[in-house]
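Beneath this line is the structure, given in structure tokens, with notes to follow.
Here, each number is a calculation from the coordinates, and none is a lab measurement. This is a predicted model, so every value here is computed, not measured. Cβ placement follows ideal geometry from the backbone for every residue including glycine, while neighbour counts extend to all protein chains displayed.
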Amino acid sequence: MEQGLETPNYIRLISDKTGIAEIRVEAALRLLDEGNTIPFIARYRKEMTRELDENELRSIAREYEQAKHLETRRQDVLRLLAEQGALENEPQASQLRQAIQAAQTLTEIDDIYRPYRPKRRTRASIARERGLGPLAVWLQEADRTTPLARVMEEAQSYVNDEAGVESADAAVQGALDILAEAISDDANNRRFIRTATLRHGKIVSAAADETAETVYEQYYRYEEPLSGVPPHRILAMERGEREGALHVSITAPEADVVARLYRRYAGSDKPDTATAAGLLARAALDAYKRLIQPAVEREVRAELQARAEEHAIGIFGANLRSLLLQPPLRGKRVLGVDPAYRTGCKLAAVDDTGKLLEVAVIYPTPPQNRVEEAQKILLSFVERHRIDVIAIGNGTASRETEAFVADCIRTWHAQPDHWQIAYVMVSEAGASVYSASELAGEEFPDLDVAERSAISIARRLQDPLAELVKIDPKSIGVGQYQHDVSQARLGEQLGAVVETVVNEVGVDVNTASSSLLSYVAGLNRTTARNIVQFREENGRIRNRKQLAKVPRLGPKTLEQCLGFLRVMDGDEVLDATPIHPESYGVVERLLAKLGANADDLRETSKRRALIAGARQLSQSDLAEELGTGVPTLRDILDALERPGRDPREDVPPPILRTDVMRMEDLSVGMELNGTVRNVVDFGAFVDIGLKHDGLVHISELADRFVKHPLDVVSVGDVVRVRVVQIDAARGRIGLSMKGLQDRL
């Protein structure tokens, strides 16, 4: 660990923020500092971390980075204070130093440093230049019942035309400016006002022009307590203000705040205006309204925005994870269709391995409407390439194209000797980004952008994960307000999601693209390309040991990546499992104890019998005998029991359709199967085969209270829904899942 960051207080700070025991935090930090990746630690160092999962490890890593940033700022402020001589006089210096050392946020440190920070010219600094500092001290220390006349008498002695103090009133005002700034600079005042605003304040939204028709009309006259406003509303109002449709502000519990300031500085929440107390109250009120309140509003809005962004990024990540974990459609030959109007629909036929067979362009949609010609071409593709499924992109012209494809399928099925085919609507989000990328150009240098897009649509039905990793996760577009959040933080989170999923699924080292390999723990773009090049030059990789010959794959990199790379049908049966080579000795000792050998693992019946026998033994005793931990032993047994397990197989397959659904076909009460396309804070959008997805509001997701839609559904889920509302004019469909999930 970095010097100064291994202290118990530092580990305790991360433990307090994450709720993870200090001993586990310390182990995780040590492993991270040794250069281990998060997927590797989560999978293969469970004994050391006491089974921290990837989310917990990423939380620790994120808090670690924030703590380093906090520590850097702490040391910078201490250095600046020392340079200013603020740490020379005791006991104030010790108190100041202790306060900064105890601060747990950047805001706390900045609040403490505020009085010492060099300021541009302010009303208070001008008053000091005019010699009014002593008057401010006198007023602050005077008895609060001192009559106003006595204060004015004292102020008269500071009148100085040359200094710019033209009257006793001007002198008093200057002194009050100095006191107001001091009140504003008090860290305790800032802290309690910020806390009071967050707990009891409101967010208020008003229309910039009430006559304008915008999507923000619900926020034209709107207010809500800050303590309960949901993240998506914060982001919606912020966007509305950026677009000039709204004015957004924060209202604090001003009466309570001002009363507390009055009591502290004027001795009463109703000070006598004819005494010094009244003047001190004026200074406190000015400090709040002119200096503290605007700053606190900015800080509170920034904090709310940060929380809302983090929430939105979390939802985006959860949706992306679900999308990446969609089950592959194995063994199917697919015809990808990229719909369009003027430029025509692009066709791309691929075989069951994703290899491109043929491309073409058809024009079944307006303005050309060459339907008969288009049908002949499409059905010739189906027959020539033995197509099983047609994948239709869900973008522009998708519903017209869907109707055309459904007609083609009816025509095809009308012939008795034809096999069954179906179609699937596929999200084409990001397909255009991929098709215009350097990677797509390398894969298909002789094809235009639109033809590459059709190939991507076909392949993402066959293996969503393998195809989607070629696209910047931010371009996949499954989320809420993804363009309104920090793009750097979003990219970091989504990259972590892709990394987690890729390593959870595992990668076939002989078939994976360099894009997929680059997300494997320990690998990067360069080493991933090196593996592909090694494969091309030397033929099929037969075992994990061969990877040591790949350029730039040193011992540490190999340690991190090998467990996630699979060698199917290779020389070593364990190379096809997620068991790390460092545990092969454990497996050998286990087999010896059970009177078996490695060849027995290749036969399903023998392998299952061995695992059943091992599970009957005491797991703790067996782990100790084999020289490993119980978590690792458990993972080894699971891997041996289902050596080729793909977690994506646990997800329902996509809905295959043969006919199109129209709005006029719907009726309230109708039940349908649909696919969840997006999950947001207020519900889930479900594709039931219409141009527009239907909305299952959060209140209609289940027969119980649902805190968040992600507790019930995920992107890609196949769900049973009931139509509860139809708005044909606006193309809106209201759906419900209540009482239906056991009937899917």
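Only loop residues by DSSP count here, and only those with at most 15 other Cβ atoms within 10 Å; note down the trypsin sites (Lys or Arg not before Pro) in the stretch 645-681 that meet that.
ARG645, ARG662
Exposure proxy ranking for ILE14, ILE250, ILE126, based on other Cβ atoms within 10 angstrom of each Cβ and starting from the fewest, stands as ILE126, ILE250, ILE14. Of the chymotrypsin sites (Phe, Trp or Tyr not before Pro) found in the stretch 351-427, those in coil by DSSP whose Cβ has at most 16 other Cβ atoms within 10 Å are TRP419. Partners of LYS289 within straight-line reach, counting aspartates and glutamates whose Cα lies under 14 Å from its Cα and excluding those fewer than 8 residues away in the same chain: ASP177, GLU181, ASP185, GLU254, ASP256, GLU297. With neighbours defined as other Cβ atoms within 10 Å of a residue's Cβ, the residues GLU153, GLU400, GLU428, GLU141 order from fewest to most as GLU141, GLU153, GLU400, GLU428. Ellipticity at 222 nm from helices only: DSSP H runs of n ≥ 4 in the chain, each -39500 (n - 2.57), divided by the residue count, give -15000 deg cm²/dmol. By other beta-carbon atoms within 10 Å, ranking LYS556, LYS202 with the fewest at the front produces LYS556, LYS202. Distance between the 7 Å Cα→Cβ label points at ARG342 and LEU80: 5.6 nm. With axes computed from alpha carbons, what is the tilt in degrees of helix 187-200 against the longest principal axis of the chain, rounded to the nearest 10 within 0 to 90? Tilt of helix 187-200: around 50 degrees.
Modelled spin-label separation between LEU439 and ASP621, with each label point placed 7 Å from Cα along the Cα-to-Cβ direction: 5.1 nm. A cut-off under 14 angstrom between Cβ atoms defines the neighbours of ALA168, and their net charge, with Lys, Arg +1 and Asp, Glu -1, is -3. Computed over the stretch 123-315, the Cα gyration tensor eigenvalues convert (square root of 5λ each) into semi-axes of 41, 17, 14 Å, ordered from largest to smallest. Using θ = phi - 60° in the Karplus curve 6.51 cos²θ - 1.76 cosθ + 1.60, the 3J(HN,Hα) couplings for the stretch 713-725 round to 10, 9, 4, x, 4, 8, 10, 9, 10, 10, 6, 10, 7 Hz; x is entered for Gly and Pro. Karplus-based coupling profile of the stretch 276-284, in residue order and whole Hz: 4, 4, x, 5, 5, 5, 4, 5, 5, with θ = phi - 60° in 6.51 cos²θ - 1.76 cosθ + 1.60 and x standing for Gly or Pro.
Going down the list LYS202/LYS691; LYS332/LYS376; LYS474/LYS738, which pairs span over 29 Å between their C-alpha atoms?
Among LYS202/LYS691; LYS332/LYS376; LYS474/LYS738, the Cα-Cα distance tops 29 Å for LYS202/LYS691; LYS474/LYS738.
Label 7 Å along Cα→Cβ of GLU213; the stretch 708-739 residues with amide nitrogen under 20 Å? Hits in the stretch 708-739 for GLU213 at 20 Å: 727-733. Sorted from longest to shortest, the spans of the Cα atoms of the chain along the three principal axes equal 110, 70, 51 Å. Put a dot 7 Å past the Cα of GLN533, heading toward its Cβ, do the same for GLU166, and the two dots end up 8.0 nm apart. Taking 0.36 nm per residue of separation and subtracting the Cα-Cα distance, full extension of the segment from ASP638 to ALA255 would add 131.6 nm. Taking Cα centroids, how far is the stretch 396-453 from the stretch 76-107 in Å? Here the answer is 65 Å between Cα centres. Computing FRET efficiency as 1/(1 + (r/R0)^6) for SER475 and ARG589, where r is the C-beta to C-beta distance and R0 is 51 Å, gives about 0.60.
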